[in-house]
Amino acid sequence: MKTKDLTLTALLAVLLAVFGTFKIPGIVPGTEFQLSAPFAVCIAALFGFRRYLLIGVLASMINLLLGTHTILNVLIAMVFRLVAGGIIAIGGDKPVLLAVSGPVGTACGRIVLAAVLHTGAGVLLLGAVPGMIFTAAATLVMYPILKRGLKYGTV
């Protein structure tokens, strides 16, 4: 791996970790949103599935070491990454797939969380709907900006 690629991977991992640390509150308690979801989808679309997974694993390691995430948080994040990144890896960076991959990844993460907690998935999924909508919209806004920045060397 070249120095430029190594540096960019580390930078993206740190940004993803920071975005995953902060939650934007929702109107209803439990409906908070992390900006890391649309950012992660954009990383997968711009840099490919393998590099995206590497960046995600590094971000999870950073969050674990800082104590901002638990193993459960990392499990849910990895489910999200595998599903959302897999959709993009298979289908490409079509706008509809970019918009859908994040919410589908979130839904799968919530289903896994429900199984781990032995609770109903419906309530967890319902609470995630505002964040899913925000993820889809934010991805469609962020992706062209990041793609243009990458093209002109500003990202």
With only helices counted (DSSP H, runs n ≥ 4, each -39500 (n - 2.57)), the per-residue ellipticity at 222 nm for the chain, to the nearest 500, works out to -27500 deg cm²/dmol
Once normalised by the length of the chain, the mean sequence separation of its alpha carbon contacts under 8 Å that are 6 or more apart gives a contact order in percent of 25
The relative contact order of the range 1-66, taking Cα pairs under 8 Å that sit 6 or more residues apart, comes to a percentage of 37
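So how strong a dipole does the chain carry about its Cα centre when Lys and Arg Cβ are +1 and Asp and Glu Cβ are -1, to the nearest 20 debye? Before the final figure, lay out each step's value.
Values: 11 positive and 3 negative charges, 90 e Å.
Dipole size: approximately 440 debye.
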Computed over the chain, protein heavy atoms only, probe 1.4 angstrom, the accessible area per residue in square angstrom equals 55
The helix 49-66 Cα axis meets the longest alpha-carbon principal axis of the chain at an angle in degrees, between 0 and 90 and rounded to 10, of 60
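At 1.4 Å probe size, with the rest of the protein present, what percent of the exposed accessible area of the chain is carbon and sulfur atoms? Don't skip to the end; give the middle numbers.
Details: 6400 of 8500 Å².
Of the solvent-accessible surface of the chain, carbon and sulfur hold 75 percent.
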Proximal lysine pairs in the chain, meaning Cα under 18 Å and 8 or more positions apart or interchain, come to 4
For Q34, the residues 5 or more places away or on another chain with a placed amide H closer than 5 Å to its own amide H are I24
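Tell me, what does the Kirkwood hydrodynamic radius of the range 98-155 come to in angstroms if you use every pair of distinct C-alpha atoms? If you can, show how the numbers build up before the last one.
Working: mean 1/r = 0.0788 Å⁻¹.
Over the range 98-155, the inverse of the mean reciprocal pair distance is 12.7 Å.
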Dividing the alpha-carbon radius of gyration of the range 1-122 by 2.2 N^0.38 Å, where N counts its residues, gives 1.05
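The values are calculated or read from the model by the stated rules, or taken from the named source; none is laboratory data. Everything numeric in this text was worked out from a predicted model, so none of it was measured. Neighbour counts are summed over all protein chains in view; Cβ atoms, including those assigned to glycine, are modelled from backbone coordinates with ideal geometry. For accessibility, only protein heavy atoms count, side chains too; no ligands or nucleic acids. Shrake-Rupley method; radii C 1.70, N 1.55, O 1.52, S 1.80 Å.
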